Amino acid sequence: MNGLLKNKGFITLMLAQLISSVGDWLSVIAIITMVGLKWEASPMEVSMIILCLAVPMALLGPFTGTIADRFNRKALMIVSDLVRAGLILILAFANSLWTVYICLFMIGMLSAIFVPAKNGKLKELINQENMKSAMSITSMIDSGTKVLGPLLSGMLVSAFGTRLVFFIDSGTFVLSALLLLALPKAVVPIKDGSEEPKEASFKEDFLEGIRFIKGNRFLIVGVLVLGVSLLILQLSDSQIIVLLRELPNVSPDLFGYIVTASGLGMFFTGMLLAKKTDYNALILMFIGVCGIGLSFSMMAVLTVFDLELPMLWGPILGLFGGFSVGLVFIPFQAAVQTDTPVHMTGRVFGVLNSVTTTATIIGPLAGGLLATVLGVIPTFIITGLLLVAVSIVGLIFKSKIERGRVNVSESQSGTHGAASS
């Protein structure tokens, strides 16, 4: 942990991530406010906003991950930030939904490049023994901005209107790009063999990444469990507001408190795992899946019995659920970073982001259908039981999964011999 605080490259990258993450939330809230309230768009038209941002990540993740491995990651991040800054400025003067959709789709494409490039750069900057702490800190930033970003955006939109918020968001991307200029230059990983390696084609690089993933049982099972768990989670997570309507005289603020508590729970997980890094990733991952299932099931049961003080037990369950989500994501992503060679990090995280984003797209749609057919309370109970079942099966087969873990001890972090910028 102390080594990370002395790593100027890591601090710079995290500061850039913090600024751009806050800016992301500023623009999302401003766009929804502009389209949903001022333009009085239909529910489907509002849903398209999220889809335009998510679909590029889901569809293009493996390809953009290959791009992040083939080209200078620092340059890719800077260009991505600057182009997104320009697109946000266009949104400030947009007067049609199609302009908004096109800009958001392009922003989603650039984000699909930025994320694997950032994870690859992180691998270059951090040595293996500090990787778990580094991934915990990045998760803390993500969860912290999810709590503070919408709150700050709501205040700014209310006080100054959406256009100024777009200007501020554009500025955050420019500031992030300026910070990234200070990162060390890319390091070319040294490969075994005395002969000069031939320049691989894009297709060869892409297939190499797919072969690496297919050959790592731990990675395959981890991505599968993460994707399935996230899909099941989204079945109910998207219907929390519907569940709360089952409570008589419920406060309209309860949903916001639960979401905020969930973000705090993830933040606390990151804080804990940043300090305590001697954990088994699979055990924590399956415990987290079980915890999410229990939190959803309990929320449904307490709603059925109309337990008093929902303003107390709702946020508590949200906090527990968010903490459990952190136990699923942080250890697995840290294990992926540790096991993946630096020259393949973009491709692996591109596939990982594609799977998780696809789950977040399909999950809410399936959840809405399931809640309509079965009812919201049975949906929550079924979701909880499925997640608990996944965790039990995973713990039973844990040893077999771990035996499939690829030995990547020869994989080096890019800090060795890193050039200064």
Do we have residue 161 as modelled with pLDDT of 75 or more, over 18 Å from residue 38 (Cβ atoms) and surrounded by 12 or more Cβ atoms within 10 Å (Cβ to Cβ) here?
-> no
Could you please give the count of residues in the range 214-232 that are surrounded by 19 or more Cβ atoms within 10 Å (Cβ to Cβ) and among the β-branched types (Val, Ile, Thr)?
-> 4
Can residue 5 be described as under 22 Å from the mean Cα position of the chain (by Cα) and either at negative phi or in contact (Cβ under 8 Å) with a residue 12 or more places away in the chain (or both)?
-> no
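Sort through 384, 346, 414, 375 and tell me the only one that's modelled with pLDDT of 80 or more and in contact with an Asp or Glu (Cβ under 7 Å, 6 or more places away or on another chain).
Working: 384 fails: in contact with an Asp or Glu (Cβ under 7 Å, 6 or more places away or on another chain); 414 fails: modelled with pLDDT of 80 or more; 375 fails: in contact with an Asp or Glu (Cβ under 7 Å, 6 or more places away or on another chain).
Exactly one of 384, 346, 414, 375 is modelled with pLDDT of 80 or more and in contact with an Asp or Glu (Cβ under 7 Å, 6 or more places away or on another chain), namely 346.
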The condition from (1) small (Gly, Ala, Ser); (2) over 22 Å from the mean Cα position of the chain (by Cα); (3) farther than 21 Å from residue 169 by Cα that residue 61 misses is numbered (2)
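Need at least 2 residues that are at pLDDT 75 or above and touching a Gly at 6+ places or on another chain (Cβ under 7 Å) per element, so show me which helices (runs of 4 or more DSSP H) inside the range 192-259 make the cut, counting only ones lying wholly within it.
Numbers: elements: 202-214, 217-237, 240-244.
Fully inside the range 192-259 and qualifying: 217-237.
I'm trying to understand the selection: among the residues of the range 29-51, which are in contact with an Asp or Glu (Cβ under 9 Å, 6 or more places away or on another chain), surrounded by fewer than 22 Cβ atoms within 10 Å (Cβ to Cβ), among the hydrophobic types (A, V, I, L, M, F, W, C) and part of a helix (DSSP H, G or I)? Before the answer, list the steps.
Keep residues of the range 29-51 that are in contact with an Asp or Glu (Cβ under 9 Å, 6 or more places away or on another chain), which gives 30, 35-36, 39.
Checking which are surrounded by fewer than 22 Cβ atoms within 10 Å (Cβ to Cβ) leaves us with 35-36, 39.
Now narrow it down to the ones that are among the hydrophobic types (A, V, I, L, M, F, W, C): 35, 39.
Within the range 29-51, just 35 meets the criteria.
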The one condition residue 25 fails out of (1) touching a residue at least 60 places away in the same chain (Cβ under 8 Å); (2) crowded, with 23+ Cβ neighbours inside 10 Å is (2)
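Matching residues to (1) surrounded by fewer than 21 Cβ atoms within 10 Å (Cβ to Cβ); (2) under 20 Å from residue 240 (Cα atoms):
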site	(1), (2)
293	no, yes
308	yes, yes
311	yes, yes
316	yes, yes
323	no, yes
326	no, yes
337	no, no
341	yes, no
Could you list, in sequence order, all residues of the range 278-311 that are over 30 Å from residue 249 (Cβ atoms) and of a type in the set (Ser, Thr, Tyr)?
-> 279
Among all residue pairs at least 6 apart or on different chains, which show Cβ distances below 9 Å where the first residue, located in the range 139-163, is part of a helix (DSSP H, G or I) and the second is of a type in the set (Asp, Glu)?
-> 145/24; 149/24; 153/169
Does the range 276-300 hold any residues that are of a type in the set (Phe, Trp, Tyr) and closer than 20 Å to residue 398 by Cβ, and which are they?
-> 279, 286
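Scan the range 8-30 residue by residue and report those that are modelled with pLDDT under 85, of a type in the set (A, V, I, L, M) and over 15 Å from the mean Cα position of the chain (by Cα). Step through it out loud before you land on a result.
So in the range 8-30, the residues modelled with pLDDT under 85 come out as 20-30.
From the residues that got through so far, the ones that are of a type in the set (A, V, I, L, M) too are 22, 26, 28-30.
Answer for the range 8-30, where residues must be modelled with pLDDT under 85, of a type in the set (A, V, I, L, M) and over 15 Å from the mean Cα position of the chain (by Cα): 26, 28, 29, 30.
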Residue 370: surrounded by 15 or more Cβ atoms within 10 Å (Cβ to Cβ), modelled with pLDDT of 85 or more and part of a helix (DSSP H, G or I), yes or no?
-> no
Odd one out for residue 182, checked against (1) out of contact with any Leu (no Cβ under 9 Å at 6 or more places or on another chain); (2) under 30 Å from residue 44 (Cα atoms); (3) in contact (Cβ under 8 Å) with a residue 12 or more places away in the chain = (2)
Of residues in the range 54-91 being modelled with pLDDT under 90 and of a type in the set (Gly, Ala, Ser), the one nearest to residue 206 (Cα to Cα) = 65
Across (1) at positive phi; (2) under 24 Å from the mean Cα position of the chain (by Cα), residue 342 clears everything bar (1)
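The values are calculated or read from the model by the stated rules, or taken from the named source; none is laboratory data. These numbers come from a predicted model, not from an experiment. Positions of Cβ are generated from backbone atoms using ideal geometry, with glycine treated the same way; all protein chains shown enter the neighbour counts.
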